[in-house]
Amino acid sequence: MNEHNLNDEPGEIPCQVSRYRSGTVETCTDHVGQEWPVALIFNGISHAVMMATPRDLEAFALGFSISEGIATSRSEIQDIEVVLHAGEIPHAEVHLTVLQQTFAMLKEKRRALTGRTGCGVCGIESIALLDLAPERVPDTGFLARLAPDALARAARGLPAHQTLTRLTGGLHAAAWCDASGTIRYAFEDVGRHNALDKLIGQLMLRRMDLQDGFVFLSSRASYELVRKAARVGMPMVATISAPSSLALALARQAGVRLVSFCRDDSYVDYGTA
């Protein structure tokens, strides 16, 4: 698995702006988060085009493949190659080679999917494809080991991992935390679901136990985030902002503990079923 970079794309670009404040105008350099079309190509066939920040794309492609049910394990993906293209509209292609059986199953359920930063399911052909029957996450005892101040520690620690957000103010973050709330990995992207896929992919690459930790997200808790977490067996999803009704319903079906409005001194626990 390898990646070809163009000048080690940083995930943001400088931009000259005029800043208006209290009746004065200041010309200065600002920073804008990068958003590129990223084509995910399986065995030579394009399956999806997502709008994503062009970094950590190998992890993104692996995480997307697992969290969307295209592959059931890392072993089904034999190779990943990332190619970045310069030009008037920069874009990326991620070429994945998967087992023939995996590819055959993908072709059977293939759908038109154009990803957007605001919605992970835009472009599906019917409501039936929403996949509203999540796997039940097994109880491994992780939640019983969770430290009382784990969420507070994660909330305090996340800003230190949001380098691009500090520069641009416009990216989401997904972090993997242990039972003490210490952040082990964190990824940023213009799309909240992309950030989670990058995190899932990294955990797979590192052969981490996805049932021995929880995900902490800088966004709201939406349907697709809980669905992805349930598919890979994550026992808890914590978010800074509010949950949606469908996210709550899926969390309860899957037995995922959902906590939102997380701060360093408070949170709201929506529990599990």
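Rule-based calculations on the coordinates, nothing more; no lab input. Being a predicted model, the structure only gives us computed values, none of them experimental. Cβ atoms come from the backbone with ideal geometry, glycine included; neighbour counts cover every protein chain shown.
Evaluating 6.51 cos²θ - 1.76 cosθ + 1.60 at θ = phi - 60° for every residue in segment 90-107, the Karplus couplings come out as x, 8, 10, 10, 10, 9, 10, 9, 10, 4, 4, 5, 5, 5, 5, 5, 5, 5 Hz, glycine and proline recorded as x. By the Kirkwood approach, averaging reciprocal distances over each pair of separate Cα atoms, the chain gets a hydrodynamic radius of 19.2 Å.
Can you give me the C-alpha center-to-center distance between segment 63-86 and segment 232-255, rounded to a whole angstrom? First find each Cα centre; the distance between them is then 24 Å.
Between beta-carbons, use under 13 Å as the cut-off and find the net charge around residue 241, counting Lys and Arg +1, Asp and Glu -1.
On the way: positive: 192, 220, 263; negative: none.
Taking every other residue near residue 241 into account, the sum is +3.
Computed packing ranks the peptides 202-208, 28-34 as 202-208, 28-34, most packed first, by mean other Cβ atoms within 10 Å. For the peptides 152-162, 187-197, the ranking by packing is 187-197, 152-162, with the highest mean count of neighbouring Cβ atoms within 10 Å listed first. If R0 equals 30 Å, the separation of the Cβ atoms of residue 264 and residue 24 corresponds to a calculated FRET efficiency of about 0.30.
Across segment 184-191, coupling constants 3J(HN,Hα) worked out from phi with the 6.51/-1.76/1.60 Karplus curve, θ = phi - 60°, read 9, 9, 8, 9, 10, 6, 5, x Hz, and Gly and Pro carry x. The packing ranking of peptides 72-81, 52-61, 210-219, 257-266, highest mean first, is 52-61, 210-219, 257-266, 72-81, where packing means the average number of other beta carbon atoms within 10 angstrom of each residue.
A simple rule links phi to the HN-Hα coupling: the Karplus curve 6.51 cos²θ - 1.76 cosθ + 1.60 with θ = phi - 60°, which for segment 64-77 gives 4, 4, 6, 6, 9, x, 5, 10, 9, 7, 4, 5, 7, 9 Hz, with x for Gly and Pro.
Here is how the number arises for the chain: DSSP H runs of 4 or more residues each give -39500 (n - 2.57), the sum is divided by the residue count, and the result at 222 nm is -7500 deg cm²/dmol.
Tally the DSSP beta bridges in the chain and give the antiparallel ones as a percent, rounded to 5.
Numbers: 38 of 54 bridges.
The antiparallel proportion sits near 70 percent.
Would you please classify the overall shape of segment 142-269 from the alpha carbon gyration tensor, given that a ≥ b ≥ c denote the square roots of the eigenvalues, rounded means a/c under 1.5, and beyond that prolate means a/b larger than b/c while oblate covers the rest? If you can, show how the numbers build up before the last one.
Details: a/c = 1.18, a/b = 1.16, b/c = 1.01.
Judged from the Cα gyration tensor, segment 142-269 comes out rounded (a/c under 1.5).
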